[in-house]
Amino acid sequence: MYKDPGLWDRINSYALVSYIPEPLAGFLDRLRQELVPNCFLRAHVTVLPPREVTAPEDAWRTLKNLIPLYAPFEVRMSDVEVFPVSDVIYVGVEKGSEQLRHLHDGLAVEGLQSREEFAYHPHVTLAQDLKPDELDELLTVARARWAEVPFEKTFRIEKLVFVQNTRTNEWIDLAECALGQPDSEVSGELTGLLVR
């Protein structure tokens, strides 16, 4: 999601995501920057929300053994909505939400288990940490822009990326693994890269 900052900037906060491919990714990235200027996160669906991990190398070993057991699948996005408690503006997932929940539940094992603040709800975040007086206006803009998407609102989830957060809330890609390929090579060597 971001360039590689120094080791001292990294914090014990890890997540598992699937990046959305073009052309949908570019549209979502531009929309998010319109709603939240200076937000440069890549459009993605989170599979495992941010969590502390005691042994990142072991967590990655678990993930790279489990991820290939799941088949790739198609996701179709639905409407722009708002989570009522957090006021996060997001695009919902219509098709593929059951597979995403299955991935979430199946991969939150061993050192990746974590008490999550909210029940897992597959989505793509557009805006968060908003001031109360911004919500209605930004929601109206997000819905209008989303209605203008000139192409299919679908994509395939074929690989997952293990990411780490920093003190400035910029995420670093650590490693990735393909779904449905038990004997495939995975990228990313974690040893010595992570904050413990």
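Contact map, the range 152-180: first residue among the polar types (S, T, N, Q), second residue surrounded by fewer than 16 Cβ atoms within 10 Å (Cβ to Cβ) and assigned to a loop (DSSP other than H, G, I, E, B), Cβ cut-off under 6 Å, separation 6 or more or different chains; pairs are THR166/PRO5.
To keep it simple, each residue is scored yes or no on (1) at negative phi; (2) at pLDDT 95 or above; (3) among the polar types (S, T, N, Q).
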residue	(1), (2), (3)
PRO5	yes, no, no
ASN12	yes, no, yes
PRO21	yes, yes, no
LEU24	yes, yes, no
ASN38	no, no, yes
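Screening TYR90 with (1) touching a residue at least 40 places away in the same chain (Cβ under 8 Å); (2) hydroxyl-bearing (Ser, Thr, Tyr); (3) surrounded by 20 or more Cβ atoms within 10 Å (Cβ to Cβ) gives one miss only, at (1).
Of the residues making up the range 163-196, just one is modelled with pLDDT of 90 or more, closer than 14 Å to LEU63 by Cβ and assigned to a loop (DSSP other than H, G, I, E, B), namely LEU179.
This table checks each residue for (1) within 16 Å of GLN99 (Cα to Cα); (2) under 17 Å from the mean Cα position of the chain (by Cα); (3) touching a residue at least 60 places away in the same chain (Cβ under 8 Å).
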site: ARG30; (1), (2), (3): no, yes, no
site: GLU34; (1), (2), (3): no, no, yes
site: LEU41; (1), (2), (3): no, yes, yes
site: VAL45; (1), (2), (3): yes, yes, yes
site: GLU52; (1), (2), (3): no, yes, yes
site: ASP58; (1), (2), (3): no, no, no
site: THR62; (1), (2), (3): no, no, no
site: PHE73; (1), (2), (3): yes, yes, yes
site: VAL85; (1), (2), (3): no, no, no
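Scanning the range 103-120 for residues that are out of contact with any strand residue (DSSP E or B) (no Cβ under 6 Å at 6 or more places or on another chain), of a type outside the set (Val, Ile, Thr) and exposed (fewer than 15 other Cβ atoms within 10 Å of the Cβ) yields ASP105, GLY106, GLU110, GLN113, ARG115, GLU117, PHE118, ALA119. For the range 64-77, the criterion of a residue being closer than 26 Å to ILE11 by Cα and either aromatic (Phe, Trp, Tyr) or touching a strand residue (DSSP E or B) at 6+ places or on another chain (Cβ under 7 Å) (or both) is satisfied by at least one position.
Checked against the criterion of being hydrophobic (A, V, I, L, M, F, W, C) and farther than 28 Å from VAL109 by Cα, the candidates LEU28, LEU48 yield just one match: LEU28.
Can you find a residue in the range 125-133 that is modelled with pLDDT of 95 or more and more than 21 Å from ASP79 (Cβ to Cβ)? Looking through the range 125-133, none of the residues is modelled with pLDDT of 95 or more and more than 21 Å from ASP79 (Cβ to Cβ).
Let's see how each residue does on (1) out of contact with any Asp or Glu (no Cβ under 9 Å at 6 or more places or on another chain); (2) of a type in the set (Ser, Thr, Tyr); (3) assigned to a helix (DSSP H, G or I); (4) surrounded by 16 or more Cβ atoms within 10 Å (Cβ to Cβ):
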position	(1), (2), (3), (4)
ASN38	yes, no, no, no
LEU41	no, no, no, yes
THR46	yes, yes, no, yes
TRP60	yes, no, yes, yes
ASN65	yes, no, yes, no
PRO68	no, no, yes, yes
MET77	no, no, no, yes
GLU81	yes, no, no, yes
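The values are calculated or read from the model by the stated rules, or taken from the named source; none is laboratory data. In this text the structure is predicted, and so the values were computed from the model without any measurement. Glycine gets a Cβ as well: all are built from the backbone with ideal geometry, and neighbour counts include every protein chain shown.
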